[in-house]
Amino acid sequence: MPFFIKSGNEGSSLKTILIFRIVLAVFTIGITLTLFSLGVSLWQTRTLMQSMLKTNADSIKEKVEFMMHGVEVDAKMYASLFQKLFNTDGDQKKDLLLFVMENLKSNKDYDGFAYFDAKTGMVLRIVKEKSADITVIEVKPKGNGIFTTTVYKEFLTNKQAEIDNDPNQIDPRTFFFFSEMKRTNKPSWINSRQVKSIKYLEKSSPFLSFAVPLNDSQGELLGVIALDVGVIQLEELLGEITNQKSNFSELYEGVPFVIEKSNDDQLLVIGYPHKHDEEEFPRSLGMNDYSGYLFLADEHPDLRIQTFAKLFQSEKNIGNDIFNNEFTSIEAFTDTNGETWVYSWSEIKPGRKPDWVVGVCVKRKATSAGGIIMGRMVFMSLIVMIIIMIPIGIKNGKSIGEPLEKMAADVVKIGKGDISFSISPKSNYREILQLAEGIEKMKSGLLSFRKYIPYKVVNQVLASRKTAEPFAEKKELSIFFSDLENFTTISESLEPDKLVKLIGDHLAMCTNIIQSLDGTVDKYIGDSVMAFWNAPENCENHELKACQAALACQEQMVLFNERNIAEGLPLLKMRIGISTGTVFVGNIGSEDRLNYTAVGDTVNLASRLEGTNKTYKTWILISDKTAAGIREQILTRPVDKVAVKGKFNSILIHEVLGKKENETPELRKKIDLTVLGFEHYLAMRFQQAADCFTQILGFNKDDHLALFYIERCKGFLVFPPPSDWDGTYISHSK
């Protein structure tokens, strides 16, 4: 009985004590509390408004950074693809260009793509028009330092047509950003700009780019890949933020903005949530040769932006560089009309390109008005309360309020799933003691309940304020099954108490790892564990987290076995199967007995993959769909095309070898030889396949998969499969 407290019959009646102390209350205490509350309310309002302003600035920064991160990831992906196909011609390069063009069409954030050849000066620029049509501009050397520009529509299709030609293009390698890329040889952002060297693009809207260098094996620059984001897309993002319901722009006459410091230290407004039309932005104001989209901040038509430019100059004069601050700043500044604005801003990447400041401003009068109104409401409410009721004394408030406050906080934690025993409150009131005792008993029941059901499900039931009912939803999950090899035989040689402890320690180890990676442990089946990701709570990268959990479990098994062997316990080996797909997940069962679980083919497949490890002497097998979601972070190799038990259609299964950051030259060679050998195998080139796997044995003589395929290929060389054979192996493992 954890922390219990006095008997429920001790203490005085709360109702009697309250009535007695109300009679003794003093009216002047109420007046004092009213005035104090008014002062606190005004102070809290000002603090709250500053906090809200910073929160809005950080939120805008987060959205802009999210868009930038997507650009950086895609640009590096394109660079990797172009690096592999740099010295190839023909269909592969054509398919890659078509792939890039389709991606540009489908992604609203991207404005274009460019490839620069450092050796020849050739440039291939893919531009997405306002209509979402694709135009391709090709700059080629003509000889004698002369380059020619050709513009195509329907590029690389049967309808390809030349729509423009300019023989007077300058050498693209003389551009500033190209020389910078050659000097740094690192991926970086390029400042906003308008292309003036190509006639066709002179009237297009400006854009900014993320550039990635392509290098040969000696590190020499071969070319540059650039992915473009239009200023229009950045403005649309800020427009979406501005138009959100109950936004600061409506309540406090504020505006978000993105400002860039150019190479010559001028401030350019590259993000502003308004249309740049002739009526709102007349061409006589600050055009700066940017076709009406980019403005110098001190010449911007919006006075709020002009005022921020003056604030920037003021900060610069005192030696404060706002483009190199690690934290969100907040300052007030007065415009030429005498109106004071409060600005909050933060630097995207302090000390690195791009030199961007993301910020927001509000009118100070509007924020102060909210505080005054709130103060008046507090004052009037307290006056009415004092008139209607006799205030409770300070001592009475502490003796009753503090224990109730602690218990209320405890109950809120319980509702969030944070259940832990606490010290009982000190009180002389019977009702408070009874309530505290009831809360502690409720905790004991909930903690016991949570051991039988996944804690995330228990937390959801607590938060919903409803009893659990049968339901199921269709959702994509990653399913995890584990099992111990030959554990039935091992268990027969152990005493019951040692067996229970061994299984308990093993299941606890797996459970801790799975839950630490946001997984849900569904059930234990003897020595087996079933778990899944992406339910009941959504989980990003659930395929990756499932595979990370599998690798972590196998790593911990090494330490687990070391401890067991030292204690005279047997060595344990664990097999794991993982599959990803759509299942039905929810409370499944009857009205009286429910189980939160997942059912469907994907669940069965994970179980079958765990058993299929026996065939190939592997330890972690995953489905092809799981492998598709982890290729950038986890090292895998193909194992076989398998039709698992109960299925007619085959799938490609993979073995998980380790994390990408742990890759070694030997491991990479093993993966590449496995991929090549498996391709030969599927093409019925069994001798070439056997040769590849034999090469693996040259540096890893115990490689299970290489030995397996060498024997299988030998068999097929003697007894070839039928001509319609597609490589599918029928698995009978459960």
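The values are calculated or read from the model by the stated rules, or taken from the named source; none is laboratory data. Predicted model, so just to flag it, every value in this text is computed and none were measured. Cβ placement follows ideal geometry from the backbone for every residue including glycine, while neighbour counts extend to all protein chains displayed.
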Some residue of segment 212-233 being outside any strand (DSSP E or B), modelled with pLDDT of 70 or more and in contact with a Gly (Cβ under 8 Å, 6 or more places away or on another chain): yes
Of residues in segment 650-671 being within 27 Å of the chain's Cα centre (by Cα) and within 13 Å of residue 639 (Cβ to Cβ), the one surrounded by the most Cβ atoms within 10 Å (Cβ to Cβ): 653
Residue in segment 200-207 that is surrounded by fewer than 19 Cβ atoms within 10 Å (Cβ to Cβ), at pLDDT below 80 and in a loop (DSSP other than H, G, I, E, B) present: yes
Any hit, segment 509-531, residues being among the small types (Gly, Ala, Ser), farther than 20 Å from residue 628 by Cβ, touching a residue at least 24 places away in the same chain (Cβ under 8 Å) and touching a helix residue (DSSP H, G or I) at 6+ places or on another chain (Cβ under 7 Å): yes
Enumeration of residues in segment 70-123 that are more than 20 Å from residue 205 (Cβ to Cβ) and part of a strand (DSSP E or B): 115, 116, 117
Where residue 552 falls short, out of the listed (1) surrounded by fewer than 23 Cβ atoms within 10 Å (Cβ to Cβ); (2) part of a helix (DSSP H, G or I); (3) touching a strand residue (DSSP E or B) at 6+ places or on another chain (Cβ under 9 Å): (3)
Unique residue being surrounded by 22 or more Cβ atoms within 10 Å (Cβ to Cβ) and assigned to a helix (DSSP H, G or I) when the list is 612, 580: 612
Pick from segment 486-521, criterion outside any strand (DSSP E or B) and touching a strand residue (DSSP E or B) at 6+ places or on another chain (Cβ under 6 Å), ranking: nearest to residue 587 (Cα to Cα): 519
Failed criterion for residue 643 (all others in (1) over 31 Å from the mean Cα position of the chain (by Cα); (2) crowded, with 22+ Cβ neighbours inside 10 Å; (3) hydrophobic (A, V, I, L, M, F, W, C) hold): (2)
3 or more residues in contact with a Phe, Trp or Tyr (Cβ under 6 Å, 6 or more places away or on another chain): qualifying strands (runs of 3 or more DSSP E) within segment 623-734: 634-643
Among residues of segment 134-149, those that are within 13 Å of residue 116 (Cβ to Cβ) and touching a residue at least 60 places away in the same chain (Cβ under 8 Å), counted: 1
So residue 564, is it surrounded by fewer than 20 Cβ atoms within 10 Å (Cβ to Cβ) and in contact with a strand residue (DSSP E or B) (Cβ under 9 Å, 6 or more places away or on another chain): no
Filtered residues of segment 48-77 (kept if among the aliphatic types (A, V, I, L, M), without any contact (Cβ under 8 Å) to a residue 60 or more places away in the chain and surrounded by 14 or more Cβ atoms within 10 Å (Cβ to Cβ)): 48, 77
Selection count, segment 52-109, where residues are closer than 28 Å to residue 258 by Cβ and among the charged types (D, E, K, R): 12
Residues (within 33 Å of the chain's Cα centre (by Cα) and small (Gly, Ala, Ser)) located in segment 492-548: 508, 516, 519, 528, 531, 535, 546
Index of the failed condition, residue 590 passing every other in (1) at positive phi; (2) small (Gly, Ala, Ser); (3) touching a residue at least 60 places away in the same chain (Cβ under 8 Å); (4) surrounded by fewer than 17 Cβ atoms within 10 Å (Cβ to Cβ): (1)
Subset of segment 318-336 that is in a strand (DSSP E or B) and not β-branched (Val, Ile, Thr) - its residue that is nearest to residue 357 (Cα to Cα): 329
